[in-house]
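Below is one structure, written out as structure tokens; comments come after it.
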Amino acid sequence: MTFKSTVSAQGFSHPGVGLTKPTLENARRQIAAGAEPWTSSFHAMQRSSAAGTNVTSSNRSSADPSKPASDAFNSQSFNGRFIADGLKSYTQALLYVLTGEEVYRKNALDVIRIWEQMDPAKYEYFTDSHIHTGIPLNRMVSAAELLRYTSCADEAYPWTDADTRAFTDNLVVPVIKTFQNDNNHFMNQHSYPLMGAMAGAIFMDDADLYKRSVEWFTVNATAKDQGFNGSVSRLFRWVDTNDATGKPIKNPHVQHTEMGRDQAHGGGDLTNAAIISRMLLAQQTKVDPVDGTISKAANAVGPYEFLDNRILAAANYFWRYMLGHDTPWTPMAYAISPDGTIRDTYNHISYAYRGRYNTASFWDIYYYYAFTRGEDVKKLAPYFAEAYAKRNGPLFYYGGSLSNAWDNVDGGGDSWLFAPASAAGQTVPPLPDSPTVLEVEKKYTSLSGDVEHRTDGDTGYVRMSAAGHGSEIAYLSGSSKKQLLAFRVRTDGEVRLRLDRHDDRTILVPDTGGKWRYVMYPQSIGDILFIKATGNGTIDIDHINTNAADELTPPAFDDTSTARIVDWKGATATADLSAHYKGTGNLAYTAKGLPTGATLDASTGQLTWKPAEAGSTTISVTVSDGTAVASHHVVLAAARNRSDALGLAQQGHDADAEYVSETQTAYDQALTAAEALRTKGTDDKYLEALAHLVTAVDGLTLVSPHTAVDGSLDYPSLVATSTAGANIGNLVDGDNQSGTSYPQAVNLSHTFDFGPDFRVSATRFGFQSNIFADRLANSAVYGSNDGKDWTRLTPGVTKFTQDFNTLDVDPALRDAQFRFFKVQMLKQLPDVLYGIVRNVFEMTEFHIYGERHEIGNLVKATSIASSQAIAGKIMTGDTVDVSVTAKKPIQQVTVTVQGVTAKANSADGVNWTAAVKLDNVSSGDIQVAVDYLDADGKAGQTVYGTTDGSKLYIAGDPAHFIDVAKLATVTASDKQWPGNGKGADEVGYLLFDRDAATYGDLNSGTGAYYVIDFGAHATVRPEEVLLLPRASHPQRANGIVVQGSNDAQTWTDLTKPLTGAVANAWSDQSISGGDHYRYLRIHNPTSWYGDLSEVELYGDIKYDA
């Protein structure tokens, strides 16, 4: 293999799409010498699936491998092939250059020649295509550049002029023209297409396109919106003014704009800047130091030197925050109109993806400054240098899975190729020994206090002093979704660990006597974990075991463990302080701080205590199985006498507070029992009664707890169900960076159900959006008691603002009580970026200023079922069975199902049943209500809905049901995924098998369809069609239309496109028109893969004579 380097008439150096002859020859020499960072990175590249010797194009036709499977570039699903082949061609071409093995050249050429056959007339812009075509085009053009300007043995696989023309005319030009020809995209949505266009400009020797691309990269002066302009000067912005107030700031500085959005995008911005800078460096391009236009003047600078090393300053700022350090942020505009009007600002730095390394791959910036320029990066950009020292190796684990930096779809995994020879000897982080053992000392930042990295033999660890104000570190890029993590620690005193700055909960770590032990953390962790140690002595942290649930059976204390014991002077109390334990080993218990007269059995955890004097003390109880430890505090409270002990046991009960009746009753009963034994009971019986009373006090639940944030209702634990799911706690935490995610919203709304036992009244509500105010603006709050009929509570609507804002409840409704609240967006407003309606609903805060009320409901449980249900759906005329369980005997129970009322029967007054036949009822989700009288004949409030989540859907008249599976043939547009299952003539019947567990899932996505043919002698007039989406991918069903035809060529839409598809929920689509058709088609123009579970068709079928 030899290079055929040249300089074109237009002045372009070739090869020169980032990779040059000197760069590649250096890499070859270093790999041959086994030098780092090249060798380990090269070996990792060889492990990529794109590096095999049998690689073929993802767009190769199965019928003729020399032809493309499709020559139309018009969808996201198709672009997946381009992304895959971009990496394949780039990898194969590089392997050829680095090894000289011609199989790689052949493979790269075969892949590229498939794409040379694309049809320029069949390119069509699709959503986000400008984002996702840039890197694959850059990679494929780089591959073509290498093949074009290198030789091969006896030219068996030459690059020809025909290749150049076809590659240019059929791929490069139409991709740039269709997807990459606009300089008004949002932030890094600008630089992704730009790296593709610039690569194409170099390959085509297009000086004008290259000149334009360089200026778009540096300044992009003609961008319409200078708020989200993705150029170096605007993305990595010099900030001297607070854009929210218009006032100058004291300490102007470089600030990375898109860090106000999230850090995955922030890292992508810098990775893109590095990739684009490679091309300028390869072409030895310099620019005007201010205007950013190509220049040969004496003061012209390179891309990294532009604007006083602006890219490096942004990289340093980025890593300052990512490493966990406090980082100043000045509100800055991200949307500016052409007249200079600021439409919105990023008011805070985002903590989304903070600490994650694998989306920040721009280490060639470090190589450039440290080795090409010979700078001391620790002085020039200390945070960037710190991040480099802790970087991932070419192979690394993330979230328990192996990752290869080379395969990063967002690029940057090839930065090692650009390390100059003087970088030889750099240490490359090796692949950790285990994907589930996170070595804290490898990736931590010391933030405060006395912290040091130490080693004992083969064990590295972080030592943290807990004394005084304690110490804090940030552990980086250790994300795990596992819900039980084990920290391997050792201590010489009692230490509290706080593992989340947004959560006050802590882990109590006992004095382990210098022995390594595991302590458990029952929660997942994200990309950054702030670990704060306070208490006594020091704590050493070795690693985090994310596989603790499978490897360990640790003892544990929890909220049910005894935490308070009441006794009195001279009386002997016993208490079981044992831990929960599922293991088989022997447990050892210890206690610190035991008062005189108290002992703890080391094998059972049994406490015996005879107070010598009155007073309260807190002891630490610790248990260990020899591998893991758990510890918690127990309060020992001793009264002077039996009478005073009763008062101690009641501590925590507030006589003025309103508690949930069930817990208040338990308290009252426990108090009565204790009072009865106070003077006459034996010591043992009285102590037992006091223990029950303490438990009852701990179990008291306020009817209306309020938050410390602003006194609003602390409702997350009060809600029975909510569309906010596990994110509901984020809505009252006072943090506008946490909240719901938009896929959780149902029809641009969120609903909160306080359950059948309670109602809530409110005087006002509070709201806050994330950085995109259009996602909450123009919303109102509604109340309901049945979840079906809604009353609007707020005459006003939420403001178009990121700021917290409130809405008053209509004065006439402020005393009204409701079981359900719903925040509903009335009509989404255009966003501030492009004036586009996004149809996305999100909240970061939702506060309820009001009270919860207990209604005395006596119905404990309600459920519905039907033996006639198919996938949770019944037809008109079917019967619904209702079961009702009461908390205590009730009478005269009636149930109303979909408007039909029936008497329920019971033998004991507690368990009730009713069978309700539903004739002539409306279609939809079945509504159930229960009415009753209590034992005294007083009517209880109507109870709506089920308590166990059971539900049914009713639709369709059985007299008009058309059994498609028996009466028609069903043919799909493709075979079943992944290609080795049912054929196209079989898979469609899964939609009509009356089994929700089966579903259609086709081998191709965009425009997939099912054709139903009733034969030459039959036609149907459809009246109603019911669709059940595939449960795992319900959103794919959105966009489905049912069409009719009599020739299978021309199709008429009979339904509107489906919207709002939800898992496990039927959608009822009415049919327009009254014509008969031989053929029906279920079609969706989107990339939906035919994902439907069930379809039911109703109408009229007619046969000819």
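Bear in mind these aren't lab numbers, they're just calculated from the coordinates by the rules spelled out. Just so it is clear, the structure is predicted and the values come from calculations on it, not from any experiment. Methodologically, a virtual Cβ is constructed for each residue, glycine included, from the backbone with ideal geometry; neighbour enumeration extends over all protein chains shown.
Using bins of 5 Å that start at zero, the share of Cα-Cα pairs per bin across segment 645-702 amounts to 4, 23, 32, 21, 12, 6, 2, in whole %.
Once you divide the Cα radius of gyration of segment 958-1103 by 2.2 N^0.38 Å, the number left is 0.94. Structural size metrics of segment 41-156, computed from C-alpha coordinates, are Rg and Dmax of 14.2, 45 Å. Taking the Cα centre of the chain as origin and assigning +1 to Lys and Arg Cβ atoms and -1 to Asp and Glu Cβ atoms, the resulting dipole is close to 1640 debye.
Which of Lys827/Lys917; Lys443/Lys592; Lys224/Lys822; Lys247/Lys799 have a Cα-Cα distance over 29 Å? With Cα atoms farther than 29 Å apart: Lys827/Lys917; Lys443/Lys592; Lys224/Lys822. Taking the Cα centre of segment 645-702 as origin and assigning +1 to Lys and Arg Cβ atoms and -1 to Asp and Glu Cβ atoms, the resulting dipole is close to 260 debye.
Comparing Asn778, Leu829, Ala27 along the charge dipole axis of the chain, the residue lying farthest to the positive side is Ala27, per the Cβ-charge model. Within the shell of other residues whose beta carbon sits under 14 angstrom from the beta carbon of Thr791, the net charge comes to +2, with Lys and Arg scored +1 and Asp and Glu -1. Ordering 693-699, 991-997 by mean Cβ neighbour count within 10 Å, with the highest value first, yields 693-699, 991-997. Helical content alone sets the calculated 222 nm signal of the chain at -6000 deg cm²/dmol, taking -39,500 (n - 2.57) per DSSP H segment of four or more residues and averaging over every residue. Annotation note: trypsin sites (Lys or Arg not before Pro) in segment 679-776 located in DSSP loop regions with a Cβ neighbour count of at most 13 within 10 Å are Lys680.
Taking 25 Å as the straight-line reach from the Cα of Lys122, the lysines in range (excluding those fewer than 8 positions away in the same chain) are Lys67, Lys88, Lys177, Lys975.
Here's how it looks for Glu1094: its modeled amide H is under 5 Å from those of Leu1028, which are all 5 or more places away or on a different chain. For the chain, the Kirkwood estimate of hydrodynamic radius, built from reciprocal distances between every pair of different alpha carbons, is 34.3 Å. Where Lys and Arg each count +1 and Asp and Glu each count -1, what net charge lies around Ser1045 among other residues with Cβ under 13 Å from its Cβ? Every neighbour counted, the sum reads -2.
Each of the peptides 121-132, 348-359 was scored by the mean count of other Cβ atoms within 10 Å over its residues; in descending order, highest first, they stand as 348-359, 121-132. Whole-Hz Karplus values for segment 971-987 come out as 10, 8, 6, 7, 6, 6, 5, x, x, 10, x, 5, x, 4, 8, 10, 5 Hz, taken residue by residue from phi with 6.51 cos²θ - 1.76 cosθ + 1.60 and θ = phi - 60°; glycine and proline positions read x. A simple packing score, the average count of other Cβ atoms within 10 Å per residue, orders the peptides 923-930, 1078-1085, 227-234 as 227-234, 1078-1085, 923-930, with the highest score first. Within the chain, DSSP assigns beta bridges of which about 95% are antiparallel (rounded to the nearest 5). Going from the residue with the fewest nearby Cβ atoms within 10 Å to the one with the most, Lys569, Lys1102 rank Lys1102, Lys569. Set Lys and Arg Cβ to +1 and Asp and Glu Cβ to -1, take the dipole of segment 604-727 about its Cα centre, and tell me which of Ala691, Thr617, Gly681 lies farthest positive. Highest projection toward the positive end goes to Gly681.
Short to long, the 10 Å bins of the Cα pair-distance histogram for segment 852-907 hold 18, 46, 27, 10 percent of all pairs. Here's the list of lysines a cross-link from Lys680 could span, going by alpha-carbon distance under 23 Å and ignoring same-chain residues fewer than 8 apart: Lys569, Lys610.
Counting only aspartates and glutamates at least 8 places from Lys966 when in the same chain, those with an alpha carbon closer than 14 Å to its own are Glu986, Asp993, Asp1013, Glu1096.
Only loop residues by DSSP count here, and only those with at most 13 other Cβ atoms within 10 Å; note down the chymotrypsin sites (Phe, Trp or Tyr not before Pro) in segment 434-491 that meet that. Listed in order of number, the matching sites amount to none.
Farthest towards the positive end of the charge dipole of the chain, among the residues Thr798, Gln606, Ser48, is the Cα of Ser48, using unit charges on the Cβ of Lys, Arg, Asp and Glu.
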